[in-house]
Amino acid sequence: MKNSSKLIKDAWLNIDVPDESRLFNPLDFNREDFHLKLTWLMMQPEYFCFVCKEILNIELLPVQALMLQEMWQRKFPMLIASRGFGKSFILSVYAILRALIMPGRKIIVVGAAFRQSKILFEYMDTIWKNAPLLRDIVGPNGGPRRDVDMCRMNIGSSSVTCLPLGDGSKIRGQRA
């Protein structure tokens, strides 16, 4: 019989493992090709919490990790939540992860006003400044760049561009 305090402590995980011997350590594999297996593991949506902690230097709440996983696996995800829930922050983390894990991507963030898309860019800029491992991976040619009419972050061969939509008549030549 399981300890009731352990059940209460782990209740937020929403898992009930009747036999803990069936659990496995995802990092428990042999040393040959360790870097390839670790890279593959970090690309799996179930382990984005680990990637965010180690590479982006941010701690995600369980609900944020779940939102990232759902956005990654769904074709047209929609975030519906109250004010202050962290939608802008998690979308910024999602854009950075998409650019980092999938090289050669071009991501466009569009807001009705430039202020709205700049909010996401500010979060990405803060993550960039607080993540030395991310900066080391990307190198000196990456990072945030600000222009008058757009903000861009280059991560390897991927880019995230934040633009205003306005009435849509002024945006020309942007593809994604």
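Roll a 1.4 angstrom probe over the protein heavy atoms and tell me the percent of accessible area of the chain that is carbon or sulfur. Intermediate values should be presented prior to the final figure.
Details: 6680 of 12000 Å².
Carbon plus sulfur share of accessible area: 56 percent.
Using only the Cα atoms of the stretch 35-91, each taken as one equal point scatterer with no solvent, compute I(q) by the Debye sum, divide by I(0), and report log10 of the ratio at q = 0.27 Å⁻¹.
One equal scatterer on each Cα of the stretch 35-91 leads to -1.18.
Which value, in Å², gives the accessible area per residue of the chain when a 1.4 Å probe is used on the protein heavy atoms? Walk me through the numbers on the way to the answer.
Numbers: 12000 Å² over 176 residues.
On a per-residue basis, the chain sits at 68 Å².
Contour minus end-to-end for Phe24 and Ser5, with contour as 0.36 nm per residue of separation and end-to-end as the Cα-Cα distance? Walk me through the numbers before you get to the answer.
Details: separation 19, 0.36 × 19 = 6.84 nm, distance 2.23 nm.
Stretched out fully, the Phe24 to Ser5 stretch lengthens by 4.6 nm.
Trypsin sites (Lys or Arg not before Pro), restricted to the stretch 54-94: which are DSSP loop and have at most 15 other Cβ atoms within 10 Å? Don't skip to the answer; put the middle values down first.
Numbers: sites: Arg74, Lys75, Arg83, Lys87; in loops: Arg74, Lys75, Arg83.
Loop-located and lightly packed - Arg74, Lys75, Arg83.
Any cysteines in the chain with zero other Cys Cβ atoms under 4.7 Å from their Cβ? List them, or say none.
For the chain, the answer is Cys49, Cys52, because their Cβ atoms have no other cysteine Cβ under 4.7 Å.
Choose one answer from Pro26, Pro132, Pro164: the residue with the largest mean-square fluctuation in a GNM of the chain with alpha-carbon springs under 10 Å.
Judging by the Gaussian network model, the answer is Pro26.
So for the chain: antiparallel DSSP bridges make up what percent, rounded to the nearest 5? Numbers along the way, then the final one.
Working: 9 of 15 bridges.
So the antiparallel bridges in the chain amount to around 60 percent.
For the pairs Lys9/Lys129; Lys106/Lys129; Lys37/Lys118; Lys37/Lys87, flag any whose C-alpha to C-alpha distance is greater than 29 Å. Display every interim value, and only then the final one.
Values: Lys9/Lys129 34 Å; Lys106/Lys129 21 Å; Lys37/Lys118 36 Å; Lys37/Lys87 31 Å.
The pairs that break the limit, which is 29 Å between Cα atoms, are Lys9/Lys129; Lys37/Lys118; Lys37/Lys87.
Mean projection of the alpha-carbon convex hull of the stretch 1-99 over all orientations, in nm²? Mind dumping the intermediate values first?
Working: hull surface 35.3 nm².
So the mean shadow area of the Cα hull is 8.8 nm².
Return one quarter of the surface area of the convex hull spanned by the alpha-carbon atoms of the chain, equal to its mean projected area, in nm².
Answer in nm², one decimal: 13.4.
Hey, got the dipole for the chain? About the Cα centre, +1 on K and R Cβ, -1 on D and E Cβ, debye to the nearest 20? Spell out each step's value before the answer.
Numbers: 24 positive and 17 negative charges, 158 e Å.
Dipole of the chain, to the nearest 20 debye: 760 debye.
Please report the relative contact order for the stretch 1-135, taking Cα pairs under 8 Å with a sequence separation of at least 6, and give it as a percent rounded to a whole number. Don't skip to the end; give the middle numbers.
Working: 73 pairs, mean separation 30.6, N = 135.
In percent, rounded to a whole number, it is 23.
Considering the options Pro26, Pro140, Leu56, tell which one lies farthest towards the positive end of the dipole of the chain, charges being +1 on Lys and Arg and -1 on Asp and Glu at the Cβ, about the Cα centre.
Pro140
What number, rounded to the nearest 500 deg cm²/dmol, is the helix-based mean residue ellipticity at 222 nm of the chain, given -39500 (n - 2.57) per DSSP H run of at least four residues and division by all its residues?
Numbers: 7 runs with 72 residues, N = 176.
So the helix-based figure for the chain works out to -12000 deg cm²/dmol.
The values are calculated or read from the model by the stated rules, or taken from the named source; none is laboratory data. Keep in mind that this is a model prediction, so the values were computed, not measured. Methodologically, a virtual Cβ is constructed for each residue, glycine included, from the backbone with ideal geometry; neighbour enumeration extends over all protein chains shown. Accessible surface areas use protein heavy atoms only, side chains included; no ligands, DNA or RNA. Shrake-Rupley method; radii C 1.70, N 1.55, O 1.52, S 1.80 Å.
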